[in-house]
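Undergrad: I'd like to ask some things about the structure below.
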Amino acid sequence: MAKELKGPIVAIVGPTGVGKSGLAVDLASRVNGEIVNADSRQFYKRMDIGTAKPPAQMLARVRHHLIDILEPDEKYSLALYQEQAYSAFDDTLRDGKQPFLVGGSGLYVKAIVKGMNIPRVEPSFDRRAELEQATAEKGSGHLYRQLQSIDPEAAAKIEPQNVRRIIRALEVYETTGHKFSETGSSEPKYSFLIIGLTCPRDELYHRIDMRVDQMIKDGLADEVKALLKKGYPSDLPSMSGIGYSQITAFLEGKLTLADAVKKIKFDTHNFARHQYAWFRLKDPDITWLDITGNKWHEEASNLIEKFIENHA
């Protein structure tokens, strides 16, 4: 007998800059929905511009869960995220509302939609310090090559510059003897409709570039300056993300503003390509909609309405 799944849950995924938040707020407002954030950068308070956090008017239209839940220097884990996202789903369903999972952080989305059994491996701060020292001396490529040799599948889904995630993957392997990519999945707890938003690569890059230019106009440099002034060091995971690290380099006189902006755009393009390793265009579980089409918004609305009706 098949296990009865909770839900229904609507997930909206895809690369950065494609318009997931706008679509989610619009559709959730129509069906009495609430949004559970799946963008790991938006967990942090006071980091609004550089993370493209939904503006106040959007947050006011629809309730959002798991946004602004951490100080920039607070630690967080995938296991805790999964637990809190499940709790948000259950609370939303209990209130008779429709949950939406929205974001582009592939590992976090996978943890939810695949029901990942996340290794409960306690961090070894001594070992992490050793690996961080090795990175400082030999560069991030040194650890990345180690990961490629023991777990190429995990390496393919982790950016070479994401030292924190590389160290975590190595830590899990060294502690358990199992590859990070082999993290097991149990049956999902919920019934999902997964909608992916996409567009041709040149259009996506254009949208990213326009958004980066708008971030600069909106005061990204002032946001980073304020965070540094509050004592948040530039080597924090939150502060080393795209946008924050480049503007920090500008503020420290290591890059011109023009070069910092150029690097933000380049790194964001690379990140968007990397996201397609998580959200594959051939994934049969994802219904992809091209946002350059004429009726993609209507198609998304129809898909969600039918999905909800079928689970009523």
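Each reported figure results from applying straightforward, stated rules to the coordinates on display, with no laboratory input. Here the structure is a predicted model, which means the values were calculated and not measured. Virtual Cβ from ideal backbone geometry, glycine too; neighbours counted across all protein chains shown.
Undergrad: Kindly state, to the nearest 0.05, the FRET efficiency for LYS45 paired with ARG211, given R0 = 30 Å and r defined as their beta-carbon distance.
TA: Once rounded, the FRET efficiency stands at 0.90.
Undergrad: Cα centroids of region 1-68 and region 98-114: how far apart, whole angstrom?
TA: Region 1-68 and region 98-114 have Cα centres separated by 9 Å.
Undergrad: Can you tell me how region 9-148 classifies by the Cα gyration tensor, rounded, prolate or oblate, using a/c under 1.5 as the rounded cut?
TA: The shape class here is prolate.
Undergrad: Going 7 Å from the Cα of GLU153 in the Cα-to-Cβ direction, what parts of region 83-118 have a backbone nitrogen less than 19 Å from that spot?
TA: 106-118
Undergrad: Can you tell me, using C-alpha contacts under 8 Å and at least 6 residues apart, the relative contact order of region 155-312 as a whole percent?
TA: 30 percent
Undergrad: Taking 4 °C and 1.567 mPa s as the conditions, I'd like the Stokes-Einstein D for region 189-262 in µm²/s, using the Kirkwood hydrodynamic radius from alpha carbon pairs.
TA: Estimated diffusion coefficient is 91 µm²/s.
Undergrad: Rounded to the nearest 500 deg cm²/dmol, what is the calculated helix-only ellipticity per residue at 222 nm for the chain, with -39500 (n - 2.57) per DSSP H run of length n ≥ 4?
TA: Only helices count here, giving -16000 deg cm²/dmol.
Undergrad: Determine, for SER105, SER87, the number of other Cβ atoms within 10 Å of each Cβ, and report the residues in order from fewest to most.
TA: By the 10 Å Cβ count, ascending, the order reads SER87, SER105.
Undergrad: Fully extended, how many nm does the chain gain between LEU281 and ARG128 (0.36 nm per residue separation, minus their Cα-Cα distance)?
TA: Once the chain is fully extended between LEU281 and ARG128, it gains 51.6 nm.
Undergrad: Which value in nm describes the separation of the simple spin-label points at LEU251 and ASP222, placed 7 Å from the Cα toward the beta carbon?
TA: 1.3 nm
Undergrad: Now a separate question. What shape does the chain have by the C-alpha gyration tensor, where a ≥ b ≥ c are the square roots of the eigenvalues, rounded means a/c under 1.5, and otherwise prolate means a/b greater than b/c and oblate the rest?
TA: oblate
Undergrad: Between GLU74 and GLU174, what length comes free when the chain is fully extended (0.36 nm per residue of separation minus the Cα-Cα distance, one decimal in nm)?
TA: Fully extending the segment from GLU74 to GLU174 adds 33.5 nm.
Undergrad: State, to one decimal in nm, how far the label point of GLN84 lies from the label point of PHE266, with both points 7 Å from Cα in the Cβ direction.
TA: 3.4 nm
Undergrad: Right, here's the next one. Where a ≥ b ≥ c are the square roots of the eigenvalues of the C-alpha gyration tensor, would you call region 125-182 rounded, which needs a/c under 1.5, or, failing that, prolate if a/b is larger than b/c, or oblate?
TA: Taking the square roots of the gyration eigenvalues as a ≥ b ≥ c, region 125-182 is oblate.
Undergrad: Would you look at the GNM of the chain, springs on alpha carbons closer than 10 Å, and say which of GLY106, GLY177, GLY241 moves the most?
TA: Of GLY106, GLY177, GLY241, the Gaussian network model singles out GLY177 as fluctuating most.
Undergrad: Rank-order 126-138, 291-303, 14-26 by packing density, defined as the average count of other C-beta atoms within 10 Å over each peptide's residues, highest first.
TA: For the peptides 126-138, 291-303, 14-26, the packing ranking is 14-26, 291-303, 126-138.
Undergrad: Still on this structure: Please build a GNM for the chain, connecting alpha carbons under 10 Å apart, and tell me which residue among LYS75, LYS265, LYS114 fluctuates the most.
TA: For the chain, modelled as a Gaussian network with Cα springs under 10 Å, the answer is LYS75.
Undergrad: On to the next question. Of the residues ASP48, ASP39, ASP95, which exhibits the maximal mean-square fluctuation in a Gaussian network model of the chain defined by a 10 Å Cα contact cut-off?
TA: ASP95
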